[in-house]
Structure formats: structure tokens, C-alpha cells
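S.K.: Okay, here's the structure, questions in a sec.
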Amino acid sequence: MPHQSEIRDSRPSHWLRVREFAVPPSMIETATARRRVGDWAGACAAARIDVDLNLRHLARRHGHDLAARIRADLRHLAPDLLRWHMPRIAPDGLLRPGLTLSLARYFVPGRVGDRPVHLVVRTAPAWADGGQRISLALWDGTRPEAGPGRHPHPRPNRRFRLDLHRHLWDARRTDELRVRAGADRQDPVRGPRNPETLEPPETSEPPVPLPPGRHCAVGRWAAEAGILLRAEGRTTGTGTVTVRLGDRHLLVMDLDLDGAPDAGPDALRIAQAPADGSASALPVLPDAATWVLPDLELLRTGAIDAGRLHPLVAAALVPDHAPGDASRRPGRAGEPRPVECRGARHRIGLVDGVLAALDHDPAEIRREELLVALTGTPLPCLQAIDEAHRRPDCLTGVRERLHHGDTAGALAVVEGLLGPAAVLRTGALHDELAAAAERRITYGLFRAGLSGPGPRVIGPIPARPRGHGFPPRGATFH
């Protein structure tokens, strides 16, 4: 996986774009309906998650007891909620590429080496991330052989893990989100932001500075470190964990458990990590526990209302919020639109499935089209139709949906604008749709083991437009 640097701020506008496009309401509606009837595989398909595991093969290899435990977890997996909480990178808020996250660990009695079996999800490498699909698999500690189609990092990542944060994907545990996010201690809408510096209580040592603009969940670090250490088998005494705040910020945190399962901030001692590399052997505080939950930040700043959050997230963070319609969709753009045409106010709209000028008769349109073929200047109505085909006002929204893998949503916007029978003309809109199709083909070749990075990729991978003044693509998104 290519080097990925951390960005230095957590702009609410980034997360607003992610919340609008990355997990569309139609996905939430379909995945939820299938999950509630026990169709976990159908729910995964609705959330664009490829299933790479076979429970019958698992039962033969590891026993029926483990297969039953994993099947129970899969039945309560909310794949749309998992996608909602997956790690993302700047500037587009896309899934962090080439990553393997552990959702659950299962210890099998008598297994050689006592290594657990992991239920994992994986994101494709950056060169094959078209469609933003996720794969669901098992990892039993063996590393697959290298070769085309193999994941570059099949081992679960120590920093990015969700086995200690089931409330981010398990429908049975979503009520825990309010406490684990720290929203129970104050009003999630009006509560203050976390401090920009760490001031360990009852110490004369200077505060440990945090990167500017980063909102760390300092108030939860003690409790989350205790959860981590207990998962590592340490229930009493003192434990030490590292906290990674980007590529260049590493802290060491000593937690005095003293037998208390709910250690508070007073139990923490925080310092910069030593430069000798010894901190790399310590447990790492999961990334999901390091930062303030983005949805909580958006609520506190008033950038979003609870109705635009995932229903399970909204129910946990704002319990008194009346559930809205998760299936709401943006209005279609097929209604007639006004155009100033030679001193008059005309309309363009859909006729027989295509965008047409409504206030010009067919004979006049044919004459104008012939004039255009002879390099003449077309009517303003025809200019507006041509501009809608080549570079419409909704191009930014279409591009965002395509980059996040919502092809159906992007095509719905295009059809609402141009009509389902329209023949797309060359231009920026055509290029975006063609580039998205090429990216999906590349992902399919990666899944089939028929392509790899570099010269073996069929066709160029179009670069995503940077725009908006955002940091370079590849920076971690918090």
C-alpha cells in the first residue's frame, strides 16, 4: 500500500460530503430490510460487500461450534453501518485502501499456537478501488501466497480494528455508541469540543500538544485503553499503550488499572514516545477510539441534523430524535427548466425520454440543428441542452456518487436530467461515466486475479480531480 500521510485538520465539510454520498439512503433501506429477515448475505450485497467465506468449509476445518458463532455474528452484522464507520482518507473521503480490519476474534480450543480466527473486512488496493467495494473473509493466521489478485495486506491491522468496537457494526450493540463516543456526559449538540492540548491532571509536567485542528477523544482514552489492555489479558496493575496521531505523532500512555474496570482520566500518564522504537512493541489504541466520532462533531457544530445520520447512529447519539424516513432521496431533475432564449423565457424538459426544447416546434429545431452543422450559432435552448449533456450543473454530485461507488444513484441523477433515452455526448459527464466503468473493470480483474498494479492493469486509471483545495489524496481522513 502506498505511503499515506495524515491530514492536519478535520474539516466538517469533508465528513458532510461523506455522509451525503458514501452510504446512500437506498443502501441503508435495502440492507436493513434484508438483515431484519435474516438474509445477511443479501444485506452485504446491498452494501456492496463481497463475501469471501464459506461456512460449510469453515465447519469442516474448524468445527461446527465456531461456524455457529460466526453465523450468529453475520446475522447481526449491519453492513451499511460498517461502511458508515470504515476508515477514510482525504481529500475525497474514500475508503482507506489496502486495509484489513478485524471485526471479531474467535479462540478455538486446541488450535495450534492458540491463534484466534478473525472475521475480517478488506478494502482493495488504491489502484483497484473503483466502486469502493469491501470484501468479507476469515483469516486464521496463515498468509496467502503472493500473486495477482491477492490482497497486499491480508493480516489484520493492529491500529485499524473493530473487534473491540462491535457497536460500530453489530446491530445488537449499537446502543453502546452513546457511551463509547462520550456523548453521554454532555449534550451531543451543545457540548464543547475536546481540548487542543492534553493536560494530565495532578502533574507539573507540561501538556502534551496535539496536532492543530485534530479533535481527539481524550476524555475516553483511559476507558478505551482499559478495554484494550483487558483484551490483551491484563486485568490488574499497570499497562502501557501507544496512541498514534498520524505518521509523525506517537504518544505513550501509561494506565494505572488498579483493578478498576472503568478507569478514569486520573489514571493516565501521557508522554511523547521514545525515539528508540521501543513503543512499536506495545499495544496500539485503536483508531476508532482515538478521535472524536465525526458524527458527534457534526452534531455539536450544527453542521448536520440527526435526520441525516444513519438511523442506528441517530438513535444512539440523540435518543429523543424521532426516526425519519431513511429512504428519502434527492428530488429528480426532470421538471422543465427556464432558459432565456432571444429575449423570451423558454423551457427545456423531458419529452419521450430525452431532454428537448419545449417552446420550439420540430421544424425550427431541425433548421437550427442544420445551422449548427454548418458552424452556425445554435439557439440558447439548444445550447442549454448541449451543456446539460456535456457539463451539467449536477456534475459534481454525479462525480461524488461515482467515486463512492453509487453508480445507481449517479445514473438516476443523469436520467432525471437528460432522460432515460438520451444518447450522451462527449464532454466531462461522458468522461466521468467512462472512467467509472474502467475503474469497475479494473476491480473485477483484481478480484479475478487477472491483473495487478503497474503495467498489468488494462487501461489507464483516470485520476480523480483534486479541486476544492483539499489535501492530496492518500491523507488519512479524520
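Read-outs throughout are calculated quantities, based only on the coordinates presented, and are distinct from any laboratory measurement. Remember, it's a predicted structure, so these values are computed and weren't measured experimentally. Ideal geometry is used to build each Cβ from the backbone, glycine not excepted, and the neighbour counts take in all protein chains shown.
S.K.: From Cα pairs below 8 angstrom and at least 6 apart in sequence, can you work out the relative contact order of region 20-73, rounded to a whole percent?
M.R.: Once normalised by length, the contact order is 21 percent.
S.K.: Next question. Which residues among region 305-325 fall inside the zone where the amide N is under 15 Å from a point 7 Å beyond the Cα of residue 33, along Cα→Cβ?
M.R.: Once the point is set 7 Å along Cα→Cβ of residue 33, 325 turn out to lie under 15 Å by backbone N, inside region 305-325.
S.K.: What ranking of 142, 375 emerges when the number of other C-beta atoms within 10 Å of each C-beta is taken as an exposure proxy, fewest first?
M.R.: The fewest-first ordering by Cβ neighbours comes to 375, 142.
S.K.: In whole Hz and in residue order, list the ³J(HN,Hα) couplings for region 34-46 that follow from phi through the Karplus curve 6.51 cos²θ - 1.76 cosθ + 1.60, θ = phi - 60°; x for Gly and Pro.
M.R.: My calculation for region 34-46 gives 6, 5, 5, 9, x, 8, 5, 5, x, 5, 5, 4, 5 Hz in order.
S.K.: Something else: How far apart, in nanometres, would the label points at residue 175 and residue 335 be if each is projected 7 angstrom from Cα along the Cα-to-Cβ direction?
M.R.: So the label points at residue 175 and residue 335 sit 4.3 nm apart.
S.K.: How would you classify region 334-384 from its alpha-carbon gyration tensor, with a ≥ b ≥ c the square roots of the eigenvalues: rounded for a/c under 1.5, else prolate if a/b is greater than b/c, otherwise oblate?
M.R.: oblate
S.K.: For region 73-132, what class follows from the C-alpha gyration tensor (a ≥ b ≥ c being the square roots of its eigenvalues): rounded when a/c is under 1.5, otherwise prolate if a/b is larger than b/c, else oblate?
M.R.: Prolate, because a/c is 1.5 or more and a/b exceeds b/c.
S.K.: To continue, here is another question. Sort 340-351, 425-436, 124-135, 68-79 for me by packing, meaning the mean count of neighbouring Cβ atoms within 10 Å per residue, highest on top.
M.R.: The most tightly packed comes first, giving 124-135, 68-79, 425-436, 340-351.
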